[in-house]
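J.: My questions all concern the structure below.
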Amino acid sequence: MKQESLFENQIQDPLASRMRPTTLQEYVGQKHLISKGKLLWQLIKNDTIPSMIFWGPPGVGKTTLARIIAHCTHSEFIDFSAVTSGIKDIKNVMKLAQEKRQLGIQTIVFVDEIHRFNKAQQDAFLPYVEKGSIILIGATTENPSFEVNSALLSRCKVFVLHSLKVDDIFELLQHTLKSEKGYAHENIIIDDDCLFMIASFAAGDARIALNTLEMVILNSLKEENQIIVKKETIEQCTSRKSMLYDKKGEEHYNLISALHKSMRNSDVDAAIYWLARMLEAGEDPLYVARRLVRFASEDIGMADSHALQIAIAGYQACHFLGMPECSVHLTHVVTYLSLSVKSNALYMAYETAKKDAIQTLEEPVPLHIRNAPTKLMKDLEYGKGYQYAHDFEDKLTTMTCLPESLLHHEYYYPTQQGSEAKVATRLQHIKEWKKKNQK
């Protein structure tokens, strides 16, 4: 038996290693997967874990979640490196797993960076996954559709892990200060603003957050059995200045307002500046992307319908990549929206219709446009008098579709901006046709 030296006893594991969760209750983030009732939660609870791929950015808990699953399902856990292992190593591990299966022991083989395996190495897992000799859990930061063999991928359930939110990391840091595995035995004085700075700097990566906290504490002042953490120390350790930004306070809304109004005013340089201010202060890029999707219809709408497509593509890019890579995609969207022709006709149309809708919630749907899937409904004259537009030469009818009390109410008034000018011409043609053919 190897005896540990005095020096080894004095060396403490890194904070990120000590704080690795061992239960789902300790696990931070990924609520869309492991909240009570969610699919992965049910699979773990029922011990019906399939082979699967965890796809997500670094530091979001892929390895940790695999270890927790092994613990919760009482499975043997084998950590397999895609960087240092070859086919021979795979076969040796598979043989061991088969032997344990005969003893009634389930084996989870965790392969980090599975996309680094070549085709032959990935294919080596196939027969063992098919026979159920092992449960394979692969982790990758790359899109598995492109990086994992289709044969192996088809036998695995893919779960997408998201970058951790600033609030998630903030919660983790607070827990670390109180945890027996963390700094419960240290008298550390650090305010919430400092923790928020560290959480923002981590950009969704729990490992970076914990490593930064550890570095900050090691480099902070020690006074009368207290460790006092100051913003200046965090700035030195992260090489970043503290920014005036509180995601739950007034400045949060001031900045998103500045971004909206700059784009609405077609001031592209100001819009890009306010975007940078938000992202560099730690704002969730998906929050910004959602606001841009709204802007595309609220302030541009039919004047340039491509704006909505580009905004949604920007949101998807942010979802796939996260920060800092997605900053260029958001800049792409902000620039397009800023320079697009503007129209708020859709926004005004809905707001006007909303007022009528609230006042006429009890108004029945006209009989001729009701659905009539049963004989009884047809006997009650549901759908009677309905005119199917495709049966008419101009694909237009004189049928009215508003409730009787709202006949002749109009909500959409297209502008002459961009593509909406064509829409205005079309709408005018429809109105003139209906007026001419009205009986």
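J.: Relative contact order (percent) for the chain, with alpha-carbon contacts under 8 angstrom and 6 or more residues of separation?
T.: Values: 574 pairs, mean separation 49.6, N = 439.
Rounded, it is 11 percent for the chain.
J.: Just the number, please: carbon plus sulfur as a percent of the accessible area of region 255-382, 1.4 Å probe, no ligands or DNA/RNA counted. Walk me through the numbers before you get to the answer.
T.: On the way: 4100 of 6910 Å².
Exposed carbon and sulfur together represent 59 percent of the surface.
J.: Moving on. Measure off, as a whole percent, the carbon and sulfur share of the 1.4 Å-probe accessible area of region 89-202, all protein chains present. Don't jump to the answer; show the numbers that get you there.
T.: Numbers: 2600 of 5550 Å².
C and S fraction of accessible area: 47 percent.
J.: Accessible surface of LYS431 in the full protein assembly, 1.4 angstrom probe, to the nearest 10 Å²?
T.: Accessible area of LYS431: about 70 Å².
J.: Related question: So which cysteines in the chain don't have a second cysteine's C-beta under 4.7 Å from them?
T.: Those would be CYS72, CYS156, CYS194, CYS237, CYS401, since no other cysteine Cβ in the chain comes under 4.7 Å of theirs.
J.: Here's another thing I want to ask about it. What is the angle, in °, between the Cα long axis of helix 250-264 and the longest principal axis of the Cα atoms in the chain? Nearest 10 is fine, range 0 to 90.
T.: That helix lies at roughly 50 degrees to the long axis.
J.: Using just the helices of the chain, give the 222 nm mean residue ellipticity in deg cm²/dmol: DSSP H runs with n ≥ 4 each add -39,500 (n - 2.57), and the total is spread over all residues, rounded to 500. Don't skip to the answer; put the middle values down first.
T.: Values: 21 runs with 218 residues, N = 439.
The helix-only estimate for the chain comes to -15000 deg cm²/dmol at 222 nm.
J.: Using 0.36 nm times the number of residues separating THR48 and HIS409, minus their current alpha carbon distance, what extension gain do you get? Don't skip to the end; give the middle numbers.
T.: Numbers: separation 361, 0.36 × 361 = 129.96 nm, distance 5.72 nm.
Computed gain between THR48 and HIS409 is 124.2 nm.
J.: Given a 10 angstrom Cα cut-off, can you work out which residue in GLU223, GLU26, GLU214 is the most mobile in a GNM of the chain?
T.: GLU223
J.: I would also like to ask the following. For the chain, with only Lys/Arg (+1) and Asp/Glu (-1) charged at the beta-carbon, what is the dipole magnitude about the Cα centre, in debye rounded to 20? Can you show the working numbers first?
T.: On the way: 51 positive and 54 negative charges, 315 e Å.
That gives the chain a dipole magnitude of about 1520 debye.
J.: Now for a separate question. Mind counting lysine pairs for me in region 36-155? Cα separation below 23 Å, and the two need to be 8 or more apart along the chain or on different chains.
T.: Lysine pairs meeting the criterion: 17.
J.: In addition: Express the accessible area of region 30-160 per residue in Å², computed with a 1.4 Å probe while the remaining protein chains stay in the model.
T.: 48 Å²
J.: Using 0.36 nm times the number of residues separating ALA389 and ASP269, minus their current alpha carbon distance, what extension gain do you get? Kindly include the intermediate steps, with their values, before the conclusion.
T.: Details: separation 120, 0.36 × 120 = 43.20 nm, distance 4.75 nm.
Extra length available between ALA389 and ASP269 comes to 38.4 nm.
J.: Using a 1.4 Å probe and ignoring any ligands, DNA or RNA, find the accessible area of THR374 and quote it in Å² to the nearest 10.
T.: Only protein atoms counted, so the area is about 60 Å².
The values are calculated or read from the model by the stated rules, or taken from the named source; none is laboratory data. What you see is a predicted model, and the numbers here were worked out from it, not measured in a lab. Virtual Cβ from ideal backbone geometry, glycine too; neighbours counted across all protein chains shown. Side chains are part of the model used for accessible areas, which takes the heavy atoms of the whole protein and leaves out ligands, DNA and RNA. Shrake-Rupley method; radii C 1.70, N 1.55, O 1.52, S 1.80 Å.
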